Amino acid sequence: MKYLVIANPKAGTKAFGGTLERVRHALEARKVVYEVRITQFPGHASKIAAEGLCEGFTHIISLGGDGTSSEIVSSIHGSEAVFAVVPGGSGNDFSKAAGIPIDTQAAVDNIFSGCRRKADVAFVDERCFINGFGVGMDGAVAHDFGELRLRRLGSFGYVVGAVIEAFRFQGFFSEIDGEVGKAAAADGKLLLFGASNGPFQGGRFNLAPDADIFDGYLDIHIISDMKPLERLFKIQKVLEGRHEKLREVNIVRAKQLLFETFTDLPAHMDGETFILHSGRHSIRIGEQEVNIIVPA
């Protein structure tokens with residue numbers, strides 16, 4: 001067995017050097033063959049993981065946040081490589097979904113004491129994500145998190161961003177079909193639309209309480225637009241996962257669908273921001289495509 005540690009020094013708020021040292025110590029104590037490679041730019045983790053597969057590494061360890069893990073999985077899904085996570089990001093939503101401890105030492109121990117399980121991944125068009133995708137208000141919040149220096153607040157920065165966008169974001173029109181069907185698509189403007197593989201997004205938002213990265217489905221959330229004060233008052237319900245019965249909220253399970261937007265929209269995948277351009281986009285689940293180490 002050969003272990004490749006892909007470490008992102010810019011992820012999250014944890015002390016990077018101390019976390020990496022714990023991983024090194026654990027690998028050396030078990031006398032395994034390993035190598036550490038440090039990411040230097042966005043997308044670098046994906047490149048390193050692809051190179052690692054070609055070089056025969058059997059275990060790929062992500063030391064960073066959901067964005068780092070997502071990049072790695074985008075290169076190794078469908079292979080026999082074993083994926084492990086030592087959470088070091090702001091939200092660590094994928095780690096929560098997999099049951100991986102947030103505590104650094106417990107996560108390091110899990111690499112060797114845990115068991116292997118096949119998890120789902122998901123796709124928007126050909127782009128891979130592991131935990132969550134969103135457009136609209138939550139996409140705008142993710143953009144704020146990076147642009148307004150909210151990252152230093154950790155997961156609470158997403159809450160601050162949500163309060164900002166409750167007053168600022170403009171709703172949008174779209175069309176949704178596929179397995180979700182027209183009945184699930186709200187009439188009029190939407191506030192946000194997204195697909196969840198895991199239950200949490202933004203660290204604290206229990207956006208899809210029943211989502212499960214092992215069940216072969218995506219939980220699609222479709223939320224109608226509402227007035228700014230209504231948005232503000234209902235943020236707490238989303239944080240607590242009590243929003244499903246709100247009249248503006250529709251959550252359905254699907255394996256695939258088509259989503260069409262008529263304007264460019266702020267968007268995110270696993271917390272990493274981009275602009276979803278106007279047009280039709282396919283969204284689908286990739287069942288059991290990555291081998292992940294979870295607590296036994």
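The values are calculated or read from the model by the stated rules, or taken from the named source; none is laboratory data. Quantities reported herein were computed from a predicted structural model and do not represent experimental measurements. Virtual Cβ from ideal backbone geometry, glycine too; neighbours counted across all protein chains shown.
So the values come out like this:
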item	result
Which listed residue is in a helix (DSSP H, G or I) and either hydroxyl-bearing (S, T, Y) or crowded, with 18+ Cβ neighbours inside 10 Å (or both), from V73, V85, V5	V73
Unique residue being touching a Pro at 6+ places or on another chain (Cβ under 6 Å), in contact (Cβ under 8 Å) with a residue 60 or more places away in the chain and at negative phi when the list is A162, A166	A166
Residue check, F200 crowded, with 16+ Cβ neighbours inside 10 Å, more than 19 Å from R247 (Cα to Cα), in contact with a Lys or Arg (Cβ under 6 Å, 6 or more places away or on another chain) and modelled with pLDDT of 85 or more	yes
Within region 194-231, tally of residues that are farther than 24 Å from I275 by Cα and of a type in the set (A, V, I, L, M, F, W, C)	4
Some residue of region 253-267 being touching a residue at least 12 places away in the same chain (Cβ under 8 Å), touching a Lys or Arg at 6+ places or on another chain (Cβ under 8 Å) and among the charged types (D, E, K, R)	yes
Top-ranked residue in region 163-187 [being within 23 Å of V252 (Cα to Cα), touching an Asp or Glu at 6+ places or on another chain (Cβ under 9 Å) and surrounded by 15 or more Cβ atoms within 10 Å (Cβ to Cβ); ranked as modelled with the lowest pLDDT]	A185
All positions within region 254-270 that are out of contact with any strand residue (DSSP E or B) (no Cβ under 6 Å at 6 or more places or on another chain) and in a strand (DSSP E or B)	P266
Filtered residues of region 265-293 (kept if surrounded by fewer than 23 Cβ atoms within 10 Å (Cβ to Cβ), of a type in the set (V, I, T), modelled with pLDDT of 95 or more and under 30 Å from E165 (Cα atoms))	I275, I285
Condition check for E248: in contact with a helix residue (DSSP H, G or I) (Cβ under 7 Å, 6 or more places away or on another chain) and not assigned by TED's automatic domain parsing to the domain that holds P42	no
Only listed residue being at pLDDT 95 or above, under 19 Å from V290 (Cβ atoms) and out of contact with any Ser or Thr (no Cβ under 6 Å at 6 or more places or on another chain), chosen from K2, K47	K47
Among residues of region 40-61, those that are hydroxyl-bearing (S, T, Y) and under 18 Å from R127 (Cβ atoms), counted	1
Positions within region 11-59 being in a loop (DSSP other than H, G, I, E, B), under 30 Å from G157 (Cα atoms) and free of Cβ contacts under 8 Å to residues at least 12 places away in the same chain, in sequence order	A15, Q40, F41
G64 crowded, with 24+ Cβ neighbours inside 10 Å, farther than 19 Å from I235 by Cα and out of contact with any Asp or Glu (no Cβ under 7 Å at 6 or more places or on another chain)	yes
Answer from R116, R152 - the residue that is outside any helix (DSSP H, G or I) and surrounded by fewer than 24 Cβ atoms within 10 Å (Cβ to Cβ)	R116
Residues satisfying the stated conditions in region 267-289, i.e. under 14 Å from G132 (Cα atoms) and of a type outside the set (F, W, Y)	A267, H268, M269, D270, G271, E272, T273, I283, R284, I285, G286
Among residues of region 76-103, those that are within 12 Å of S62 (Cα to Cα) and polar (S, T, N, Q), counted	2
Single match in R231, R247 (criterion: part of a loop (DSSP other than H, G, I, E, B), farther than 21 Å from V73 by Cα and in contact with a strand residue (DSSP E or B) (Cβ under 9 Å, 6 or more places away or on another chain))	R247
